[in-house]
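*Asks:* Pasting in a structure now, in structure tokens, and then I'll have a few things to ask.
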Amino acid sequence: MTYLTKPKFRHPALEKNDLGFTRRDYEGAISTLCAGCGHDSISAALIQAFYELNIEPHRVAKLSGIGCSSKTPDYFLGQSHGFNSVHGRMPSVLTGANLANRNLIYLGISGDGDSASIGLGQFVHCVRRGVNMVYITENNGVYGLTKGQFSATADRGSKSKAGGTNNDSPIDLVGMALMAGATLVGRSFSGDKGQLVPLIKAAIAHNGPAFIDVISPCVAFNNHPGSTKSFDFVREHNEAVNSLDFIESRAEITVDYAPGSVQDVEQHDGSIIRLHKIHEEYDPTNRVAAMNYLQQHHEKGELATGLLYLDPNPRDMHAFLRTVDTPLNRLGAKELCPGAKALDAINNDYR
Amino acid sequence: MSIDALDAPAKQLRPGMTSTDTSNPDYFHKVVDCQWACPAHTPVPEYIRMIAAGRYSDAYMVNWKSNVFPGVLGRTCDRPCEPACRRGRIEAEPVAICRLKRVAADNKDDIRDRLPKAPAQKNGKRIALIGAGPASLTVARDLLPLGYTVVLFDQDRQAGGMMRTQIPKFRLPETVLDEEVGYITDLQPEMRLGKRVDSMKAVLAEGFDAVFVGCGAPRGRNLELPGREDAKANIHIGIDWLSSVSFGHVEKIGKRVIVLGGGNTAMDCCRTSRRLGGEDVRVVVRSGFEEMKASPWEKEDSMREGIPIHNFLVPKEFKQKSGKLTGVVFEKVKAEFDAKGKRSLVPSGEPDVYLECDDVLVAVGQENAFPWIERDAGIEFDKWGMPTVDEVTYQSSNPKVFFGGDAAFGPKNIIWAVAHGHGAAISIDQACQGRDVKDRPPPLVNLMSQKMGIHEWSYDNDISNDLRFKVPHLPNEIALKDVRAEVELGFDRKVGFEEAQRCLNCDVQTVFEAKLCIECDACVDICPLDCITFTGNGDEHELRARLTAPAKNLTQDLYVADGLKTGRVMVKDEDLCLHCGFCAERCPTGAWDMQKFLLETAQAGGSCQSR
């Protein structure tokens, strides 16, 4: 919780990416979240992912709602577009922005309050419309800004810092995303960048609704014994189904693995997601099986993480709506308002 | 547990590095690069913070205690601290530590009431100090307050040694030297000045309990070349000539002067010549410019005064006309390197160079000379004529005789002389009190949290982005007219403050408590210099390569801590840490804390003498 800006000095050996940027060029303003907040680790993972993918910051739009998590877009990619919207309404704003300019990379940053409570409907509809985006929930199971009441993702039976027990059933955002038709679904943990960074990279390269639920312990209000979203609990109950490498193109593949131990999934942009199987029976391309698997492991009190589902050939909203390839914001008045005759022709189609 | 599923090295857990023992004073001391590099181990960041706070007298006293001559050293020190300064590894140049010391000395109040007093009751032990230079004066300062009777011998009429005779007044005003020598003579040693000591045996016969030899390296090396004898009226030995200038015996030199040699004495000679009538003054050096022994800033100062430096020229012959020097012939050489990288200077085959001149100053090195020490006085000498001296105790083979300063191990500089003086004073005290001289008192060490609030520290952790400030100089047209006009003007208070703010406070240590750590990564994410890594343990060599940023500077330690819940280790590369405290500010559990490490080296009388 520092008020000082981060010193400009950087490690002289810090590497530059293909654009000539160092990782630190992808940073934003200094975080004002509590010291040790998991959200800051997720910001660091996002910085790392965008840096490694050589993405120019001006090609990215960050959108968020209200909450601790929704503050974080200020703390990374300081040179990107940003929109801090109304509570729970980020998905609508993101959908609208995506319709207007399909060329940007859309990053929706939300939390369990913003997406599982007030914005639950928005979340589900945004996913089912197939908006091409990376939707991340920084999920800590409490309302941190209002001092730690249970949120809708708190597990039944978990204890609050004040001592109360949660009796309500939790909303499983991963399950809802799978049901609503997200074409890339992952779950990870803020304390495991080795897993989180490639997952975010895969989601950025994915051409469809990608959803990642990141368990992000609230050090101030939800990191005590009895919590199921604490560092200790998550580390003890974390069951990674796979680990993955994100590979930008087949040409980069140099290591061969014994058949069966890895599974390469090629996305439509040519990037490869190489999955190292940890749970042999897990097939991340089978949506129904994935849903079953997650429910079973949830019953056992385990938290399945990793790349949970991937449709390698997704279609997005623009494909469904058959919009033009040129972003709407690049079209001139002539194309957007073709005049009374064109309107008459359209109307005649419906008569 | 699968948290480390992706952290392959953690899977191959090897014993690897052991946790760093921070209870060993050397560990954190090394992190304070400037203090570690200072022969007298002056707590540099401690006094720089005091300067920033306007506490000039306090800053002066921290210096005075460690290095005895802050005002002198703030102008003349060889600054081993500055090349070591961490700031120099992070941006272009180190903190101007030396010139900040001068800021403290220039701006202090009268500090005489803070100085130790000699007790009225003497302890009955008598110590002879041969030579009244920085080494002997340090011994006197350390021993007089303990009740010793100290007798200072010197051939000159005033105490100060080479600080008075060899350092030109335009670099070190006499008032500054007199003041700081005075703080020691105020303790009333017995002064036997103006008479050269001719016999060690005679000194020993006086029954001193110990004799300290701090007579320096008083002999300037000569150059025996053709024409040397014939032209001797205009060929001068550098240090002797400087000494004559210093005492006012020499006030003039020819218009055209050649200075032979590339060390700091050569720089003093050429700059002094410019002030005594030399208009065309040149420095001629055998080696290349980079390999010259002179400090970079002394070369810079000379060139600023319009003195060219000619390199790769070896003097061959002095030319004269009826006893009057007319010039010097030089052979051109070039540097050649053998397979081992060892340099040798070989003739380049080009024609010789002839430079005309009226005077030559020979500044090609100094030598020790002990004609006055009888070889049967129980003091062993080696084949180079140097006494056998223990590097820790400064004791010679005669247990009553100690050496320090240039007299002990050959020419160095003032700050080394001071360090030797402190060490020898400890030995003398040990010996006189019937203790073993090898038994060295430990340093005083203090490690204390600087936390004042949630993001408040007792030091200013907002890192300054300023580049090193330049010290203003007198304009040449004024400076070159007066050999006694101090040429460097020093920082004023405002610039002194700004320069002080460049200090990274390396003595405020990042102290890690593994059992408090929840491995949230906050410190890793915030660290501006990527110093911190949580990873599987390994051998140091292999570990250094796979940190967040590779740790390539092998002279800087890795701070390793195990005992974390995931079985990983915390590894911090000390090399480029800004000591900004962001890791501690970001740490939710207080596993990181910023703690000030203060180390005072022991001085005679025990480690807690100052308390």
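*Asks:* Would you be able to tell me the number of residues in the stretch A:38-54 that are within 9 Å of chain B (Cβ to nearest Cβ) and touching a Pro at 6+ places or on another chain (Cβ under 8 Å)?
*Replies:* Going through the stretch A:38-54 one residue at a time, the tally reaches 1.
*Asks:* Does at least one position in the stretch A:244-256 carry a residue that is touching a Pro at 6+ places or on another chain (Cβ under 8 Å), touching a residue at least 12 places away in the same chain (Cβ under 8 Å) and part of a loop (DSSP other than H, G, I, E, B)?
*Replies:* No, every residue in the stretch A:244-256 fails to be touching a Pro at 6+ places or on another chain (Cβ under 8 Å), touching a residue at least 12 places away in the same chain (Cβ under 8 Å) and part of a loop (DSSP other than H, G, I, E, B).
*Asks:* Collect the residues in the stretch B:584-606 that are more than 13 Å from chain A (Cβ to nearest Cβ), part of a loop (DSSP other than H, G, I, E, B) and either surrounded by fewer than 21 Cβ atoms within 10 Å (Cβ to Cβ) or of a type in the set (A, V, I, L, M) (or both), keeping them in residue-number order.
*Replies:* Correct list: B:Ala602, B:Ala604, B:Gly605.
*Asks:* Which one of these is within 21 Å of A:Thr285 (Cβ to Cβ) and either more than 14 Å from every other protein chain (Cβ to nearest Cβ) or not in a helix (DSSP H, G or I) (or both): A:Arg156, A:Arg187?
*Replies:* After applying the criteria, what remains is A:Arg187.
*Asks:* How many of the residues in the stretch A:31-46 are more than 21 Å from the chain's Cα centre (by Cα) and either closer than 11 Å to A:Gly191 by Cβ or not hydrophobic (A, V, I, L, M, F, W, C) (or both)?
*Replies:* So the answer is 1.
*Asks:* For B:Ile454, state whether it is β-branched (Val, Ile, Thr), more than 15 Å from B:His579 (Cβ to Cβ) and either without any contact (Cβ under 8 Å) to a residue 40 or more places away in the chain or surrounded by fewer than 17 Cβ atoms within 10 Å (Cβ to Cβ) (or both).
*Replies:* Criteria met by B:Ile454.
*Asks:* Can you name the helices (runs of 4 or more DSSP H) wholly within the stretch B:38-141 that have at least 2 residues being away from every other protein chain (no Cβ under 14 Å)?
*Replies:* Those helices (runs of 4 or more DSSP H) span B:44-52, B:56-67, B:70-76, B:81-84, B:97-107.
*Asks:* Could you count how many residues in the stretch A:142-153 are of a type in the set (A, V, I, L, M) and assigned to a loop (DSSP other than H, G, I, E, B)?
*Replies:* Residues that pass the stated criteria total 2.
*Asks:* Another question, then. Which one of these does A:Val124 not meet: (1) modelled with pLDDT under 95; (2) surrounded by fewer than 21 Cβ atoms within 10 Å (Cβ to Cβ)?
*Replies:* (1)
*Asks:* Okay, moving on. Every residue in the stretch B:424-449 that is surrounded by 18 or more Cβ atoms within 10 Å (Cβ to Cβ) and over 30 Å from B:Cys506 (Cβ atoms), please.
*Replies:* Those that are surrounded by 18 or more Cβ atoms within 10 Å (Cβ to Cβ) and over 30 Å from B:Cys506 (Cβ atoms): B:Ser427, B:Ile428, B:Asp429, B:Gln430, B:Ala431, B:Cys432, B:Val437.
*Asks:* Considering only the stretch B:71-88, state which residues are in contact (Cβ under 8 Å) with a residue 24 or more places away in the chain, touching a helix residue (DSSP H, G or I) at 6+ places or on another chain (Cβ under 9 Å) and more than 17 Å from B:Val176 (Cβ to Cβ).
*Replies:* Result: B:Asp78, B:Arg79, B:Pro80, B:Cys81, B:Glu82, B:Pro83, B:Ala84, B:Cys85, B:Arg86.
*Asks:* Next question. Residue pairs, Cβ under 6 Å, 6 or more apart or interchain, first in the stretch B:534-550 and away from chain A (no Cβ under 11 Å) and under 20 Å from A:Lys193 (Cα atoms), second assigned to a strand (DSSP E or B) and of a type in the set (A, V, I, L, M, F, W, C). List them.
*Replies:* Between residues of the stretch B:534-550 that are away from chain A (no Cβ under 11 Å) and under 20 Å from A:Lys193 (Cα atoms) and residues that are assigned to a strand (DSSP E or B) and of a type in the set (A, V, I, L, M, F, W, C), the close pairs are B:Asn537/B:Val569.
*Asks:* What's the number of the only condition in (1) part of a loop (DSSP other than H, G, I, E, B); (2) under 30 Å from B:Cys269 (Cα atoms); (3) out of contact with any Lys or Arg (no Cβ under 6 Å at 6 or more places or on another chain); (4) not acidic (Asp, Glu) that B:Tyr183 fails to meet?
*Replies:* Going through the list (1) part of a loop (DSSP other than H, G, I, E, B); (2) under 30 Å from B:Cys269 (Cα atoms); (3) out of contact with any Lys or Arg (no Cβ under 6 Å at 6 or more places or on another chain); (4) not acidic (Asp, Glu), B:Tyr183 breaks only (1).
*Asks:* Assuming B:Trp36 fulfils every condition listed in (1) surrounded by fewer than 19 Cβ atoms within 10 Å (Cβ to Cβ); (2) more than 17 Å from B:Glu82 (Cα to Cα) apart from one, which condition is it?
*Replies:* Unmet condition: (2).
*Asks:* With B:Ile463, B:Ile415, B:Ile454 as the choices, which residue is modelled with pLDDT of 95 or more and either of a type in the set (A, V, I, L, M, F, W, C) or over 22 Å from the mean Cα position of the chain (by Cα) (or both)?
*Replies:* B:Ile415
*Asks:* List every residue pair whose Cβ atoms lie under 6 Å apart, where the two residues are 6 or more positions apart in sequence or sit on different chains, the first residue falls within the stretch B:433-446 and is more than 25 Å from B:Thr22 (Cα to Cα), and the second residue, located anywhere, is surrounded by 11 or more Cβ atoms within 10 Å (Cβ to Cβ).
*Replies:* As it stands, the answer is B:Val437/B:Thr393; B:Val437/B:Gln395; B:Val437/B:Ser427; B:Val437/B:Gln430; B:Val437/B:Ala431, since those pairs meet every condition given.
*Asks:* With the requirement that a residue be under 19 Å from the mean Cα position of the chain (by Cα) and more than 13 Å from chain B (Cβ to nearest Cβ), what does the stretch A:16-30 give you?
*Replies:* Matches in the stretch A:16-30: none.
*Asks:* Additional query: Does at least one position in the stretch A:168-183 carry a residue that is among the small types (Gly, Ala, Ser), in a strand (DSSP E or B), within 22 Å of A:Gln122 (Cα to Cα) and away from every other protein chain (no Cβ under 13 Å)?
*Replies:* Among the residues of the stretch A:168-183, not one is among the small types (Gly, Ala, Ser), in a strand (DSSP E or B), within 22 Å of A:Gln122 (Cα to Cα) and away from every other protein chain (no Cβ under 13 Å), which makes the answer no.
*Asks:* Taking the stretch B:417-464 as the search range and keeping residues that are part of a loop (DSSP other than H, G, I, E, B) and within 14 Å of chain A (Cβ to nearest Cβ), which one is nearest to B:Gln501 (Cα to Cα)?
*Replies:* If we take residues in the stretch B:417-464 being part of a loop (DSSP other than H, G, I, E, B) and within 14 Å of chain A (Cβ to nearest Cβ), then B:Ser464 is nearest to B:Gln501 (Cα to Cα).
Yes/no matrix, rows are residues, columns are (1) crowded, with 17+ Cβ neighbours inside 10 Å; (2) closer than 20 Å to A:His297 by Cα:
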| site | (1), (2) |
| --- | --- |
| A:Met179 | no, yes |
| A:Thr183 | yes, no |
| A:Val197 | yes, no |
| A:Ala210 | yes, no |
| A:Phe233 | yes, yes |
| A:Val241 | yes, yes |
| A:Phe246 | yes, no |
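*Asks:* I'm trying to understand the selection: among the residues of the stretch B:248-270, which are assigned to a helix (DSSP H, G or I) and in contact with a Pro (Cβ under 7 Å, 6 or more places away or on another chain)?
*Replies:* Correct list: B:Asp268 only.
*Asks:* Here's a check for you: in the stretch B:349-364, which residue that is in contact with a Gly (Cβ under 7 Å, 6 or more places away or on another chain) and not in a strand (DSSP E or B) is surrounded by the most Cβ atoms within 10 Å (Cβ to Cβ)?
*Replies:* B:Ala363
*Asks:* Then there's this: Between B:Val245, B:Val203, which is out of contact with any helix residue (DSSP H, G or I) (no Cβ under 7 Å at 6 or more places or on another chain) and in a helix (DSSP H, G or I)?
*Replies:* Going through B:Val245, B:Val203 in turn, the sole match is B:Val203.
*Asks:* Among the residues of the stretch B:306-323, write down those that are part of a loop (DSSP other than H, G, I, E, B) and crowded, with 19+ Cβ neighbours inside 10 Å.
*Replies:* Scanning the stretch B:306-323 gives B:Ile307, B:Phe312.
*Asks:* Please give the strands (runs of 3 or more DSSP E) falling wholly within the stretch A:260-348 in which 1 or more residues are touching a residue at least 60 places away in the same chain (Cβ under 8 Å) and small (Gly, Ala, Ser).
*Replies:* So the answer is A:303-310.
*Asks:* May I pose another question? With respect to the numbered conditions (1) more than 7 Å from chain B (Cβ to nearest Cβ); (2) surrounded by fewer than 20 Cβ atoms within 10 Å (Cβ to Cβ); (3) in a loop (DSSP other than H, G, I, E, B); (4) of a type outside the set (Ser, Thr, Tyr), which one is the sole condition not fulfilled by A:Leu33?
*Replies:* That leaves (2) as the condition not met.
The values are calculated or read from the model by the stated rules, or taken from the named source; none is laboratory data. Keep in mind it's a predicted model, so treat the numbers as computed, not measured. A quick note on method: Cβ atoms are made from the backbone with ideal geometry, for glycine too, and the neighbour counts reach across all protein chains shown.
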